[in-house]
Structure formats: structure tokens, C-alpha cells
């Protein structure tokens, strides 16, 4: 599992814990943990996306 996936999972877990004590902050943390990587991927150029997909395929295949 890559470090970036771990950070996302940790963000969601922290959001779920905060959801118990501070519901609004918990929702914000969960939304941020999901939205930030999605926005970062959307900001890549098509060439960067292709390169990223190619790297991921090599990691999966090896």
C-alpha cells in the first residue's frame, strides 16, 4: 500500500473518530481526505496522467 493511500485512510479514520465528538469537523475532515487527492489528480495534465497510469501498471505487474 502506498503512503498516499495510507494518508487517505488515516484521514477518513480520524474523521470518523471526530464525527463522534464534533460532527461538523468530522464531516469536513472526511470530505477533505476524499476531495484533496481527487482535485490533485484532476489538476494533472493529460501527459502526467498517462505517466502516472503507466507507473501504476508497472507496480501492479511486478
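Working from Cα pairs under 8 Å separated by at least six residues, relative contact order for region 3-61 is 24 percent.
Counting only alpha carbon atoms, the long axis of helix 3-21 and the longest principal axis of the chain meet at about 10°. Sorting the segments 48-55, 27-34 by their mean number of nearby beta carbons within 10 angstrom, highest to lowest, gives 27-34, 48-55. On a 0 to 90° scale, report how tilted helix 46-61 is relative to the longest principal axis of the chain, with both axes built from alpha carbons and the result rounded to the nearest 10. For helix 46-61, the angle is close to 90 degrees.
The angle separating the long axis of helix 23-42 from the principal Cα axis of greatest extent in the chain is about 10 degrees. Working ranking of peptides 19-25, 9-15 by packing, defined as the average number of other Cβ atoms within 10 Å per residue, highest first, is 9-15, 19-25. Calculated mean residue ellipticity, 222 nm, the chain: -30000 deg cm²/dmol, from DSSP H runs (n ≥ 4) at -39500 (n - 2.57) each, averaged per residue and rounded to 500.
Each reported figure results from applying straightforward, stated rules to the coordinates on display, with no laboratory input. Everything numeric here is computed off the predicted structure, so don't read it as measured data. Every residue, glycine as well, gets a Cβ built from its backbone with ideal geometry; the counts of neighbours run over all protein chains shown.
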